[in-house]
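Shown next, in structure tokens, is the structure this report addresses.
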Amino acid sequence: MDLTALLLRIAARRPHVLVVAVPGATGSRLALEAALARRGWPIATGPADADVLAVAGTPGPGLAAVVDAVWEQVPGPRARIEVQPPADVDERLDAASALLADVEHQRTEVVGGNEGHHGGHAVHGGHGTHDGPAEHGDHAGHPEHHDHAEHGGEAGGDHAGHGGGHHHGHGGTVAGLPMAELGPDRDGLTLDRLHIPLGPLLPDWPAGLVVRVTLQGDVIQEAAAEVLDAGHAVPFGWPSAAARELDGLARFLGVAGWPSAAGEARRLRDAFLAGERVSAGVAGLLRRIRRSRTLRRLIRGIPAGPADVAALLATKLAAIEAALPVDSRPGASPAPWRGGRTPVPPEPGDLADLLVGAELAAARLIVAVLDPDIDRAAAGTGAGHG
Amino acid sequence: MGEMPVVPDPAALPWWSALLLPVLLGFVTWLALVGDAAFAGERAALAVPGREVARLLVGQRRRTVAGDVVLGRIGAGVLPVAALLAAAVLPLGERPVADLSVGVVWFNAMEVLAWAAVWMVGWGSNSALGLVGGYRFVAQGLAYELPHMFAIITAALGAESLRLTTIVDAQRDLWFVVIMPVAFVVYLMSAAAMAFWGPFDAPVDRDVAGGAAAELSGVDRLVFAGGRWLLLVTAAAMAVPLFLGGGAGPLLPAWVWVAVKTAAVLALLLWLRHRFPTVRMDRYVEFAWVVLIPLTIAQALAVALVVLGGA
């Protein structure tokens, strides 16, 4: 009895999937997320939590470099898939699950990784499963995933920010990483500054967006935003405004730490796109959100441009109601939160300005509620930020 | 020494029960995991914990550049150990594994170890998001711990003892939840907070990609996540002797009542997570210090007056 093989088989029934959303390829992402929900496979929070790295769409050169760097950080047993036509999703996920359960493959991969051989086996688009050493020969597989510092600020996604910990501001390096330098903070103290990129691979984060921030503690001192591969993406045409708004709402609720409501929003989005009647469900979800005094207390007074996050959320909810077919209002819904104009999704540069002075958690909420339209920025006006 | 009240012997379970305690706690934790998966609407809820454990057992461990591996691994290991040690004073039925005369203080001391543990895991990974998660838990501790201590000390005050079996005995006529409802509610909130669970999961939340646990994989993640679940179960079970009359109840034996009441408290905690969004400490700390601390002090005062009046 091979215990490892048995464990691999059991584990492959419910792998965690790290979804990489490519700007413009929103259709692939939606298909992927719907398939994961159907199968009950959790969405991973980061590379350490992932078994499958699933790229939804064809990444441009910038994002592709990030994906390769992140792949190096995914611990074995692991599989990598790329989903292009949304119809192929289930085939790809089955292939990934089969690869995860393949003890021969995973054993060579794990051992290979630890001995410094190539680490990058992959299940790509139409090619099915590769058994031999993979095509990522240029990424030497470093033992125990030591390598992500080399991809440092440029490519390491959310985990690149190993800014040398909390030592003194002498400059110099530790293990090839620059030390944190000192700078004055908002209370007049002199504290360490860390430079980390937010995105493009944070959970519930707009596809392709990278905000480079300077952190003191968890307060953002400086921020600069860009869209990876600006100009590379073809804008995604949403079949309906309601689905687009529900998608944004699901991401906002995820960032707000309300997984059950976020899951409900995602389920309604998928059902709506599948042509089912969802008005009653949407009305129920909106009621639930509006009634939550806890949520209101948590997001009130976080400035996001002219309005605060709570007001922007209220507008978002109203937009969903407006976009849905008329019978969505059973009358009983309590008075909506007041305030706020219809928000225009900001340009990445303006977005960055709004984040300065915010704590990390507040910054995530601001980005989620503004929900910048990366597809449009990437295709048209975003080139200047690239 | 002579004036110390003599404890009716044998108050504690035999020594070998210490070996069974981890098994029992693990079993209850497994059931809680299944319950949580069912709550979340997973179809194969029964199989979810098994698949997750298998996944983490075969998972490769990873290290980050210039991370403090020893610190991080000690931190993760401390979580389950602290939960087990805290559970040692839990009356399982009528008697605990160790009937310490300072049981309430022992429980509190073990639970506070989690502060250090989570921070060590976050710091040890040398990752900005891990560090943010670790510090979030320290801030959370500052917010929940004082109301929590007033809540559990109110139960001890009601029984005039820090020994959990004595606290249970003192509730023979009336469960403490009746005379100290505020302390009970505050205890439930802090039980979720000490296991960074439910609305208090900011230290490991999605918005920082898993926070303190962001860089953990394989066995390291298993120990960390398992320790967190054990802590949640222990904290839920401790509500039973403190406020819910321990094993008291009609017909059934004491251990069944303890199990039933523990399951009820656990179900309540699992429900909390689905009911509320994550509470950020920059907003909660004000509520904790301005509202909860005065409330729990007033509760303790009221109970003290009742105790004095009754004596």
- line: When restricted to A:Val22, A:Val52, the only residue more than 14 Å from the chain's Cα centre (by Cα), β-branched (Val, Ile, Thr) and open to solvent by less than 20 Å² (accessible area, probe 1.4 Å) is A:Val52
- line: Across the stretch B:190-203, the tally of residues that are within 12 Å of chain A (Cβ to nearest Cβ) and more than 18 Å from B:Thr29 (Cβ to Cβ) stands at 4
- line: Inside the stretch B:119-148, the number of residues satisfying the requirement of being polar (S, T, N, Q), open to solvent by 10 Å² or more (accessible area, probe 1.4 Å) and in a helix (DSSP H, G or I) is 0
query: In the stretch B:243-257, which residue that is out of contact with any Asp or Glu (no Cβ under 9 Å at 6 or more places or on another chain) and closer than 27 Å to B:Val303 by Cβ is most open to solvent (accessible area, probe 1.4 Å)?
result: B:Pro250
- request: Among residues belonging to the stretch B:58-73 that are modelled with pLDDT under 85 and at the interface with chain A (Cβ under 7 Å from one of its Cβ atoms), point out the one that is nearest to B:Gly130 (Cα to Cα).
  value: B:Thr64
- prompt: Does any residue in the stretch A:250-261 that is facing chain B (nearest Cβ under 7 Å) and in contact (Cβ under 8 Å) with a residue 40 or more places away in the chain come within less than 6 Å, Cβ to Cβ, of a residue that is open to solvent by 10 Å² or more (accessible area, probe 1.4 Å) and outside any helix (DSSP H, G or I) six or more places away or on a different chain, and which pairs are these?
  reply: A:Gly254/A:Asp204; A:Val255/A:Asp204
- request: For the stretch A:83-98, indicate whether the set of residues that are at pLDDT 90 or above, open to solvent by less than 30 Å² (accessible area, probe 1.4 Å), under 23 Å from A:Ala48 (Cβ atoms) and of a type in the set (S, T, N, Q) is non-empty.
  value: yes
- line: The strands (runs of 3 or more DSSP E) lying entirely within the stretch A:1-96 that contain at least 3 residues which are within 14 Å of chain B (Cβ to nearest Cβ) and either farther than 27 Å from B:Phe39 by Cβ or in contact with a Leu (Cβ under 9 Å, 6 or more places away or on another chain) (or both) are A:17-21
- prompt: Taking interchain pairs and intrachain pairs at least six residues apart, which have beta carbon atoms under 9 angstrom, with the first residue in the stretch A:79-90 and more than 15 Å from A:Thr26 (Cβ to Cβ) and the second basic (Lys, Arg)?
  reply: A:Ile81/A:Arg92; A:Glu82/A:Arg92; A:Asp90/A:Arg38; A:Asp90/A:Arg39
- prompt: Given the residues B:Arg206, B:Arg228, which is the only one that is open to solvent by 30 Å² or more (accessible area, probe 1.4 Å) and facing chain A (nearest Cβ under 9 Å)?
  reply: B:Arg206
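Residues checked against (1) closer than 23 Å to B:Leu242 by Cβ; (2) over 18 Å from the mean Cα position of the chain (by Cα):
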{"site": "B:Ser125", "(1), (2)": "no, yes"}
{"site": "B:Val138", "(1), (2)": "no, no"}
{"site": "B:His148", "(1), (2)": "yes, no"}
{"site": "B:Leu157", "(1), (2)": "yes, yes"}
{"site": "B:Gln171", "(1), (2)": "yes, yes"}
{"site": "B:Pro181", "(1), (2)": "yes, yes"}
{"site": "B:Val186", "(1), (2)": "yes, no"}
{"site": "B:Ala191", "(1), (2)": "yes, no"}
{"site": "B:Asp201", "(1), (2)": "no, no"}
- prompt: When the stretch B:29-57 is examined, which residues are found to be within 8 Å of another protein chain (Cβ to nearest Cβ) and not hydrophobic (A, V, I, L, M, F, W, C)?
  reply: B:Gly41, B:Glu42, B:Arg43, B:Gly50, B:Arg51, B:Glu52, B:Arg55
message: Among the residues of the stretch A:216-249, what is the count of those that are within 14 Å of chain B (Cβ to nearest Cβ) and under 18 Å from the mean Cα position of the chain (by Cα)?
response: 1
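Go through the stretch B:95-118 residue by residue and tally those that are assigned to a loop (DSSP other than H, G, I, E, B) and open to solvent by less than 10 Å² (accessible area, probe 1.4 Å).
So the count comes out to 1.
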- request: Just give me the residues in the stretch B:16-71 being more than 16 Å from A:Trp41 (Cα to Cα), of a type in the set (Gly, Ala, Ser) and under 21 Å from the mean Cα position of the chain (by Cα), in sequence order.
  value: B:Ser17, B:Ala18, B:Gly26, B:Ala32, B:Gly35
- request: Would you point out the residue of the stretch A:188-206, among those that are in contact with a Ser or Thr (Cβ under 9 Å, 6 or more places away or on another chain) and open to solvent by 20 Å² or more (accessible area, probe 1.4 Å), that is nearest to the other protein chains (Cβ to nearest Cβ)?
  value: A:Leu194
query: Quick check, is B:Leu92 open to solvent by 10 Å² or more (accessible area, probe 1.4 Å), within 18 Å of B:Ala239 (Cβ to Cβ), touching a residue at least 40 places away in the same chain (Cβ under 8 Å) and more than 14 Å from the chain's Cα centre (by Cα)?
result: yes
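The values are calculated or read from the model by the stated rules, or taken from the named source; none is laboratory data. Since this is a predicted model, take the numbers as computed values, not measurements. Using ideal geometry, Cβ is built from the backbone for each residue, glycine included, and neighbour counts are taken over all protein chains shown. Quick note on the areas: whole protein, heavy atoms, side chains included, nothing else; ligands and nucleic acids left out. Shrake-Rupley method; radii C 1.70, N 1.55, O 1.52, S 1.80 Å.
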